Every structure is written in structure tokens, then in C-alpha cells.
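Notes for the one structure printed next.
The values are calculated or read from the model by the stated rules, or taken from the named source; none is laboratory data. Keep in mind that what you see is a predicted model, and the values were worked out from it rather than measured. Here the Cβ is made from the backbone with ideal geometry for all residues, glycine too, and neighbour counts use every protein chain on show. For the accessible areas, the whole protein counts, side chains as well, though only heavy atoms, and no ligand, DNA or RNA atoms are used. Shrake-Rupley method; radii C 1.70, N 1.55, O 1.52, S 1.80 Å.
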Amino acid sequence: MLKQLLGALERGETVVTATRRLARTLGQEYAAAQQAAGRGAWESPRIVTWPEWVEELWGQRLLARNDAPVVLGGWQEQALWERVVGASAGADGLLEPHGAAGSAREAWRLAHEWRLDIAAIRRSGNEDARTFAGWAGRFAALCREEGWLDRARLADEVKEGLGRLRLPPAVLLAGFDDYTPQQLEFLEALAACGCSVTRTAVETAGPGAGAVLVPFSDPDREIEAAARWARALLERGAAGRIGVVIAGLAERRDRVERFFRGVLEPAALIAGDARPSSFNLSAGRPFSAWPLVRSALALLGLTPGDNAWSDISRLLRSPYLAGADREQGARAALDRRLRRRGGFTIAGSSLPALCRREGAGCAVLERLARKWLEACGAAGSARTANEWSRAFSSLLEAFGWPGERPLDSLEFQALEAWSRLLSDFAATGLTGEAVTRGEAVAMLGRMAGSLMFQPETEGAPVQVLGLLEASGLFFDHLWVAGLHDGAWPGPANPNPFLPIGLQKEKGLPRCSPERELEFAARITRRLLGSAADLVLSHPLRDGDRELGPSPLVAGVRRARPDEIERWAGPSAEDVIRDSRVIETLVDETAPPLTLQAWQRGGTRVFQLQSACPFRAFAELRLGAEELEYPLPGLDPAARGTLVHAVLEETWRELKTHAALCSRPDIDEVVARSVDGAVERFERERPLPARFAALERQRLRRLAADWLGVDRERAPFEVIEPEEEKFAETGGVRFRVKIDRVDRLADGREMIVDYKTGITSPRSWESDRPEEPQLPLYCTIHEKPLAGVLYARVRPGDLRFVGLVDEDVTLPGCERVDLGAKVDRWRAILARIGGEFREGRAEVDPRDGLRTCRYCPLPFLCRVSECPADGLDGEADR
């Protein structure tokens, strides 16, 4: 077939292809043939895709008439369908009106290509089909009124005037696996005008003698084998074209790319090169997934009103803003402060003030935020798409997007594609209506999400394609992967707006399993004839599904995986591992602490040093802390803080057990305490009014219930609510804040710590205690102790748990020799504090990987790379 096509091009005939890839490949083959013939220059061949050819002929028609309609672009059509669907009766009940408009547009195209009459659709269809017929009537009426022509009818319009056009003497069609009735009628009309029409095809009665079918254990091993097969061909200098066709490539794109890069060019992974050079992957990523585009859409989504904190966080960390490199550290520090503040939303109008008040070193960002607010003010409310396109450019320009650093090749191509996308978006103003800014941003996001973007690359020796993208192509060496019985033939997927009976009668694509089987068989025959050296493969299992070969390739000779030539070199992981330069240095001791300052962290010093010395060193001396993530409402820590504040205020007023039992205004005391606690909390973190009211109700109820528990105790006096102390243990100076100290009638005291979570005194017993806070309080307390308690303040679980002295009785608490316990704790905590002060910082999790499970620093300590001896391998990392 290639010789036939090249011969036709040499004679000046026109070749119409089914895909752009085939057109590009034919152009390259023709150029190579001209060079091989010794020519230094030649006339460009006539190679076009079907849509390009129809548009070219339409262009000729335009020259002959003055009243020609305006041909709509794809997104102009979509905007018009959305307008029609949105204005129809019952549109408010649609869950996804944009998706419904897209399906209606597809049904309209299929109806014209496969000659389905709209009246027949209305008569024989269900409610959905009748709804579509109504939409179609309105769509056609709008096109007539406005002088528009949609692309589904463009070929029919061109066909009516073929006799008056300058037609080529001969046309060859290549790469078409299926022809629609519309295309066949067009070709018949073309032939009636004297143009020679030839439809080329690649089919074979059966597989070639060299074709083999190979099973692999799973899809990953199958793709890796295909990559190693291609590498083996390149290593031995195999001549000709190498192709790998993969069923379902679009869904597996990223994994396929990872395997091919890891095998064909593993060194590029180490160098950080983003573009593969030895293979070309036909499947692109959604344009909205590229970082440059994602940043633009995020910036356009910001409003002067409330924004999710995560959107502001992305703004502060974006490298695509002016001053991003100069203010990188200052913007990161501002991001951290905003996370700690805890607000789930941040007003865009507050950005300049935030930069000035809390973002030391963010002068450029403050200036950008002011310019952006000015641009937002000029943007107005509802506008047409072309007006919004200009406004969007102004908003991005206000932020200095795409930044000051030079763009690499991929980013530059993405920037050019963004400009084209904005132009396409602006063009939808022809058929769309005025929309708000939010609606405009959403539409631009949908357009970016539906556009598959693949940066241009130089010619690569290995082509990785999907099943349909390989249509009409020819290879010297070809591997077809994924041909298992669960995927090939594919499932039927009829259009929901067209009657199934009509779809089957006309033979529409994907209308039935029988139609899919026939189409898949045709594709399979074409693939079997596409290369002399042919490997077909399938996985035996995918997850828990057992798979077999597709019945369409059952006649191909079976082979074992070890019979296929594959490159046996190292994997990407091995290359990276082998490239390392190892320097062994045992450095587990940090510089000792001095006693010149109070150690940050308070009692957390002892908790972290007990859990893992490295974590204590990293968090408390290096400041390596996990970034916080604000959540809607109040997180457990904030709720616990409010409970502490309410009970502190309550006992500050009541002071004694006697007052608790005798005062008639306890509810008022609690209410005042709740109001004061919430008011102080809201100074730092405002809450929505309704939410604050609900939180007040919760706190009043919980505090009243807890006071009922305190009321059942023997008489006591609260003498030290939330008092801050300064202490030293093991050479570590720290500040402590005890929630509450109760003095009993005999003068002894009890230390009480409020907990809204689940805690147990069992965590105090180890030589490396999990929760050393209360034991530490006991060791620095100067008065005789009668008990050390957790006050568990949880709805449905209100009680004391802890240890009391041998002559004290309190429900839920264990009686022990408290003095002996405190002496033991003092020795243990002095040792732990001494280790921290001496700088002990080895990676030594107390309970193996169970201790590491919730640690935020696994990538800093790299405990997963340590030998497993002594670690609990059952814990999830």
C-alpha cells in the first residue's frame, strides 16, 4: 500500500487520510523517497485529512457565493448546544447539563453521518430521544436564523456544489477502517464529477508466518516486555519502523510512559529531562493537567471574595508569578503562617494586607495583588466570551504570569497552546450568551480538560500508539499489546439520545456487541497485515481478574515470553541505584544543648525523644515540622482547645466543689464561660455565625455533663487552673502549663489533664513512655500528690482515668504507691532529657514501624531504607 500511495503522490494525485498522524507519516516517507532519488527540492505532496479536505473544498465554494453561512468551530457548536439545552423545559432537572449538551451534539453528528431522520428519531425513540429531537429542531432553527453551518452538515453542503469546484483528477483514501453513509455519498458525487476515487485498505486473510501470540503475567509485565523488545531492536540496529500498539493506551498513558522511559532512556530520569527522545507517545495528557495551564486556571478562579485556603496556598507557592524566585522563601513562610492560622477560606481582597502584615519580604506579591484587584474591578459582571478572553489576559498579566524565569521547550509550547485556547474560547461568543465570570472560568476549564495536549518532539525511532491511531500505518516491526478477552472487542456504548433500534438498523459505531465484534475483527485484520515482524500479547491476570487471549487472535501461533528477544539491561531503578555515590558516615549525635535558653516544645521534648531521638532533633532543633492543612469547621485540636478554655473559665469562677454543689446559677456560669472562650477563639479564627452558635450549644452541653462527674467526687478546691510553670529535668529547661490542680481536704493535691481523645495511663509505664506529659508534671510538682488523672471529656465517655495513691478511691483510677511511681518517672525522664541535651539523634523508633506510622518525617529520616531488623514489618507506611 505504501508504494501505491507514494506512486500516487509522485503523479500529483491527492491522498486523503483518516488521521493527522498518517498524513504526517506519509509526508515523511515521501520526503525520504525524494532524497533517496537524489532530489534536493520537490513539490509538496497533496496529503490532507478528511476534515481538512472538506474545509478546503468549502473554501472554494465561498469564492463563488456571497451568502455562504458561517461554519462553526467545535466549541462554538458546543456553546450553542449548551444554550439550547439550558433554555429548554426541564433543563433545571439535568444533573450535568454540559455533558447532556455534549451527548446531544454527538447524536446530531451521528444522525447526519449515518442518515438518521430526526422525525424517525422522534417517532421511534423514548423520552430521551424525543427530548433530543426537540433540541435538534431548536438548534437547526438558530443556525438558519443566524446564518450558521455546523460541521455535521458541512460535507453535505460541499457535495451540493461539487460540480462548480476545481477538483483533483484522482483521490486516494488511506487509513479508513469505516466509511459513513455521508462519506460514501460524497465520494459517489465526486466520482460522478469525473474524479477518480480509490479506497486503499490493508487486510490479510490471516496472520503472517512470523506472527506470535505471547501471554504475560499482568499488564505491567506485558508493557515492560514490549519496551524491552523495542530496546533490543534499537540495540542491534534493526532497520525500519518500530511500532508498539496498546489497547486502552489513553487510560494507561502515564504507566506506559514510565515503563518506556525506564527501559529506553533510563539515564534521562536521573538528568531530569522531561521529553523522551527515543520514543513518541501518541496519547496526550489533558491540557488542564500541565502545570503552566493549571496555574493559569487557578489564578483565574480566584475572586476578591472568599477563596479556599488551598487556592491561596497554591498562589503563594506558584513558580509562574512575577517575583516567584526572589520571594520564594518569604512566600513559603507566609503560606505556613496562613496554614497555622487555620481559616478554611481567605478573602482575595485581603491579599495585599496579608502580604504587608504577615508576609515580610513579599513586596512584589503585594504589588501584584493590588494590580490584580484593580483588574478584577474592571472585569465587570456578565460578559460575552470574547470580552472575558481579554479580561482573563489582563488578570493573568496582573500577576505577571507566566513568571520571570525562562520557559523550557515544553512550557513554551504549552504557552502557545494556551493562546490558541483563549482564541477558541473567545470565538464561542458568537454562539453563546453573556455569562458570569465563574461560568466563563468553568467553561474555559472544560475546554482545557477536553483538549489532549502532546508537545511536539523530533522524529523518534519507536512509535507508541493506540489501536485506532495506528490506522493505515505500516511498520517493519510491530508489537500489539492488551489483546485480552476482557478488552477486545470492546463493549458496546450506544448514544443515549438515539433509538437503539435505529442505531442497529443503520450500523452506527458501538451500537451493539455484534457491531463492535465486526469492527474489532476489521481492525485486527488490518493490524495483522501491518508488519512482517509481528508480536501480539495479552495479560493473564489484571488484579483479581483472570484473562485469556481475545478470540480474534486465537489463530495466531502461541509462544512463550522467553522466546521473544528482549533487552536484558538494568531497569530504571537499577540505573538510579547504580549511579549513586555512597559515602558512609555515622553521625547520630548533634551538638549538645546549652542552658542559656528555654527549649522550644515544652513537654513535647520528652514525648518525641522517647518516641524517636531523630524526630525530636528534627522537629525541635531543626524546625522540620509537617505543614498544617486547615479543614472546614473545627479540627479535633481546636475543639479540644475550646473545651479546655471553657472548663478553665468555669473553675476560675467556681473555685470549689462546694460552690459547684450549692450555686443555683451553674448554667449561667457555664454559658458565660462558653461565650468568653468562643469570643477569644474568634479573635484569631472567625467562625460562621450559625456554626459558632452550634459550637456554643455543644460546649454548654458537654461542660454541664462534665461538671456532673466532678459533682460526684469528694470535696476539693481547684487551686491552679492552667498555671504556667518553668522547670528543668535532665538538663532541659522548659515551660509547662498544667490544666488543673485539685487540693483535697487533707491538703494533698491531684494533677488533672483534660483530654477529648482516648488516652490511658498504660502509656506511662514503659522506659520510653508514649505520653510522658503527666508523669513529667508529677516530677516537678512540689506538694504531696494524691493522684494524677486524665479527665476524659468526651460525649458518652465522661470519666477520670489515671493513678491515685494507695489510700485514695476514685472510680476508674488504679491505686498504686504513687511516691514510688514518681521516683521511677523522675529517673526515666531525667535520662530522656539528658539524651536530648547531649544531642542523641539516632533513628530509633520506639515500637518499630508502628511508631513511624504517623510520623511526618519519613522522607527526612528515610527509615524505610534501614535494615528491617528490629522493626515491625506489619505496620503500614
query = Given the conditions (1) under 24 Å from the mean Cα position of the chain (by Cα); (2) open to solvent by 60 Å² or more (accessible area, probe 1.4 Å); (3) not charged (D, E, K, R), and given that LEU410 satisfies all but one, which numbered condition is not satisfied?
reply = (2)
query = If we scan region 114-130, do we find a residue that is touching a residue at least 40 places away in the same chain (Cβ under 8 Å), under 17 Å from THR180 (Cβ atoms), open to solvent by 40 Å² or more (accessible area, probe 1.4 Å) and touching a helix residue (DSSP H, G or I) at 6+ places or on another chain (Cβ under 8 Å)?
reply = yes
task = Report yes if some residue within region 451-462 is under 30 Å from ALA532 (Cα atoms) and within 23 Å of the chain's Cα centre (by Cα); otherwise report no.
result = yes
query = Which of the residues belonging to region 474-516 are charged (D, E, K, R) and in contact with a Ser or Thr (Cβ under 9 Å, 6 or more places away or on another chain)?
reply = ASP485, LYS504
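This table checks each residue for (1) at pLDDT below 90; (2) in contact with a His (Cβ under 9 Å, 6 or more places away or on another chain); (3) within 21 Å of CYS612 (Cβ to Cβ); (4) buried (at least 21 other Cβ atoms within 10 Å of the Cβ).
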{"residue": "MET750", "(1), (2), (3), (4)": "no, no, no, yes"}
{"residue": "GLU765", "(1), (2), (3), (4)": "yes, no, yes, no"}
{"residue": "PHE800", "(1), (2), (3), (4)": "no, no, no, no"}
{"residue": "ASP805", "(1), (2), (3), (4)": "no, no, no, no"}
{"residue": "LEU810", "(1), (2), (3), (4)": "no, no, no, no"}
{"residue": "ASP817", "(1), (2), (3), (4)": "no, no, no, no"}
{"residue": "ASP823", "(1), (2), (3), (4)": "no, no, no, no"}
{"residue": "GLY834", "(1), (2), (3), (4)": "no, no, yes, no"}
{"residue": "GLY848", "(1), (2), (3), (4)": "yes, no, yes, no"}
remark   = Restricting region 664-680 to residues that are touching a helix residue (DSSP H, G or I) at 6+ places or on another chain (Cβ under 9 Å) and open to solvent by 40 Å² or more (accessible area, probe 1.4 Å), the one farthest from ASP635 (Cα to Cα) turns out to be ASP667
ask   = In region 1-77, which helices (runs of 4 or more DSSP H) lie fully inside it and hold 3 or more residues that are at pLDDT 90 or above and of a type in the set (Asp, Glu)?
value = 50-64
query = Just a yes or no: is a residue in region 716-723 among the charged types (D, E, K, R), within 30 Å of LYS783 (Cα to Cα) and in a strand (DSSP E or B)?
reply = yes
key: Selection from region 11-49 of residues that are hydrophobic (A, V, I, L, M, F, W, C), open to solvent by 80 Å² or more (accessible area, probe 1.4 Å) and closer than 19 Å to PRO461 by Cβ   = ALA36
remark   = Counted residues in region 47-64 being more than 42 Å from the chain's Cα centre (by Cα) and without any contact (Cβ under 8 Å) to a residue 40 or more places away in the chain come to 3
ask   = Residues of region 682-716 being without any contact (Cβ under 8 Å) to a residue 60 or more places away in the chain, over 22 Å from PHE800 (Cβ atoms) and open to solvent by 40 Å² or more (accessible area, probe 1.4 Å), which ones?
value = GLU682, ARG683, PRO688, ALA689, ARG690, PHE691, LEU694, ARG696, GLN697
Options ALA659, ALA624: the member that is surrounded by 13 or more Cβ atoms within 10 Å (Cβ to Cβ), over 26 Å from LEU776 (Cα atoms) and out of contact with any strand residue (DSSP E or B) (no Cβ under 7 Å at 6 or more places or on another chain) = ALA659
ask   = When you scan region 85-176 for helices (runs of 4 or more DSSP H) that lie fully inside it, which ones turn up with 2 or more residues that are touching a Leu at 6+ places or on another chain (Cβ under 8 Å) and among the hydrophobic types (A, V, I, L, M, F, W, C)?
value = 97-113, 118-124, 127-146
message = Checking the conditions here, which among GLU327, GLU358 is open to solvent by less than 70 Å² (accessible area, probe 1.4 Å), out of contact with any Cys (no Cβ under 7 Å at 6 or more places or on another chain) and at pLDDT below 95?
response = GLU358
inquiry  = Only one of ASP753, ASP767, ASP746 is under 20 Å from LEU647 (Cβ atoms) and either of a type in the set (S, T, N, Q) or more than 40 Å from the chain's Cα centre (by Cα) (or both). Can you tell me which?
reply    = ASP753
key: Total residues in region 456-487, condition assigned to a loop (DSSP other than H, G, I, E, B) and surrounded by 23 or more Cβ atoms within 10 Å (Cβ to Cβ)   = 7
remark   = VAL843: passes all of (1) open to solvent by less than 30 Å² (accessible area, probe 1.4 Å); (2) over 22 Å from ASP739 (Cα atoms); (3) among the aliphatic types (A, V, I, L, M) but (1)
inquiry  = Out of everything in region 189-203 that is modelled with pLDDT under 90 and not charged (D, E, K, R), what residue ends up being least open to solvent (accessible area, probe 1.4 Å)?
reply    = THR200
ask   = Looking at region 601-617, is at least one residue more than 30 Å from VAL732 (Cβ to Cβ), hydrophobic (A, V, I, L, M, F, W, C) and open to solvent by 10 Å² or more (accessible area, probe 1.4 Å)?
value = no
ask   = Restricting attention to region 168-188, and to residues there that are open to solvent by 40 Å² or more (accessible area, probe 1.4 Å) and touching a residue at least 40 places away in the same chain (Cβ under 8 Å), which single residue is farthest from the chain's Cα centre (by Cα)?
value = PRO169
ask   = Of the numbered conditions (1) part of a strand (DSSP E or B); (2) over 26 Å from GLU712 (Cβ atoms); (3) acidic (Asp, Glu), ASP753 satisfies every one except a single condition; which is it?
value = (2)
request  = Hey, can you tell me all the residues within region 516-570 that are over 15 Å from TRP479 (Cβ atoms) and of a type in the set (Asp, Glu)?
outcome  = GLU516, GLU518, ASP542, ASP544, GLU546, ASP562
query = Mind checking whether some residue in region 720-734 is hydrophobic (A, V, I, L, M, F, W, C), within 25 Å of ALA830 (Cα to Cα) and surrounded by fewer than 18 Cβ atoms within 10 Å (Cβ to Cβ)?
reply = yes
query = Can you name every residue in region 415-435 that is at pLDDT 90 or above and either touching a strand residue (DSSP E or B) at 6+ places or on another chain (Cβ under 7 Å) or open to solvent by 30 Å² or more (accessible area, probe 1.4 Å) (or both)?
reply = LEU415, GLU416, ALA417, SER419, ARG420, SER423, ASP424, ALA427
request  = Output the residues belonging to region 674-694 that are in a helix (DSSP H, G or I) and touching a Lys or Arg at 6+ places or on another chain (Cβ under 8 Å).
outcome  = VAL674, ASP675, VAL678, GLU684
request  = Give the residue that is modelled with the lowest pLDDT, with candidates limited to residues of region 618-638 that are in contact with a helix residue (DSSP H, G or I) (Cβ under 8 Å, 6 or more places away or on another chain) and part of a helix (DSSP H, G or I).
outcome  = ALA638
task = Pull up region 299-319, narrow it to residues that are aliphatic (A, V, I, L, M) and part of a helix (DSSP H, G or I), then point me to the one that is nearest to GLY342 (Cα to Cα).
result = ILE312
